[in-house]
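First comes the structure, then the notes that go with it.
The values are calculated or read from the model by the stated rules, or taken from the named source; none is laboratory data. Here the structure is a predicted model, which means the values were calculated and not measured. As a convention, Cβ positions derive from the backbone with ideal geometry for all residues, glycine included, and neighbour counts pool all protein chains shown. Note: areas computed on protein heavy atoms with side chains; ligands, DNA, RNA excluded. Shrake-Rupley method; radii C 1.70, N 1.55, O 1.52, S 1.80 Å.
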Amino acid sequence: MKHIVTAILLCMLMSSTRLLAAAAPQQDFEKANSLFRQKQYTEAANIYQRLVDEGYSQPELLINTGNAWYKANRTGLAVYNYEKALLADPFSKAAQHNLSIANQRVEGYVNELPQLFFQQWWTAIKYMHAPNGWATGAIIFFWLTMAGGILLLLRPSLLPVVTKSATGLAGLLFAFYLFMSITTYVNATTHDNGIIMGSVVKVKSAPDQDSKDLFELHEGVKVQITDGTSEFCKIELPDGKTGWMACGDIKKL
């Protein structure tokens, strides 16, 4: 009896700990919201950013973080969080609008080329599910394909046309969901874009501090990282300009 009571108390303690752990981020979020309403923007932004850095990626949190940094005149961090919000929800009107406003502050901002209609369709398809959702669908259609194949082997005379068609469709959907799960996972874990955080950054012709200066970039500019060493990253801009700069001046998305 004593052991049972001890086990129950331990379960209750573990449940309470989990509840407190889940409640803490929400309390921090609400505290940051309160600080933002009091116009204490830097303090609010620091709390929001801590939640983001801990792995919370809800679009509302990211947009609020961007708003707080924007009000605190930290344009680079504002752009970073709006871009993160668009990665979480590419169709967020609020993130798109706020990012366009923040980019007006970015000196030397280079506008990205708009997506063509088929690129927009592809983006919409990719974001139908998260990577785990695509993977779950792949598993379901795999087993449906296997079940159809087994049914055809054991009972070939039982609705053969319908069974073959259904099995073929399940097989195609399995292949599609598997492909999408791999594609979306790679996209989610590949960090080849970043935002310039330094106020003025020299872009070099080679991964060497003593190499020739090609041009300057300012805080908030979005770059694509195409190569790198331990200290230097090769970057490319939407207009085709390339060069090398210190990786420490880039906050990767």
Applying the selection to region 159-178, what residues are polar (S, T, N, Q) and open to solvent by less than 40 Å² (accessible area, probe 1.4 Å)? 163, 167
When both residues are 6+ apart or on different chains and their Cβ atoms are under 6 Å apart, which pairs have a first residue that lies in region 240-253 and is farther than 17 Å from residue 220 by Cβ, and a second that is open to solvent by 60 Å² or more (accessible area, probe 1.4 Å) and among the charged types (D, E, K, R)? 242/236; 244/234
Here the residues within region 179-215 that are open to solvent by less than 70 Å² (accessible area, probe 1.4 Å) and over 20 Å from the mean Cα position of the chain (by Cα) are 198, 201, 203, 204, 205, 206, 207, 211, 215
Among the residues in region 187-196, are any in a helix (DSSP H, G or I) and either out of contact with any helix residue (DSSP H, G or I) (no Cβ under 8 Å at 6 or more places or on another chain) or free of Cβ contacts under 8 Å to residues at least 12 places away in the same chain (or both)? yes
Note: among 167, 75, just one is among the β-branched types (Val, Ile, Thr), in contact with a helix residue (DSSP H, G or I) (Cβ under 8 Å, 6 or more places away or on another chain) and more than 30 Å from residue 47 (Cβ to Cβ), namely 167
What number of residues within region 125-143 are hydrophobic (A, V, I, L, M, F, W, C), over 13 Å from residue 172 (Cα atoms) and in contact (Cβ under 8 Å) with a residue 24 or more places away in the chain? 4
Residues 211, 199, 181: which one is within 30 Å of residue 75 (Cβ to Cβ) and modelled with pLDDT of 90 or more? 211
Among 213, 208, 249, 239, the single one that is in contact with a strand residue (DSSP E or B) (Cβ under 8 Å, 6 or more places away or on another chain) and under 30 Å from residue 66 (Cβ atoms) is 249
Working only within region 113-147, note down all residues that are among the polar types (S, T, N, Q), modelled with pLDDT of 90 or more and surrounded by fewer than 16 Cβ atoms within 10 Å (Cβ to Cβ). 136
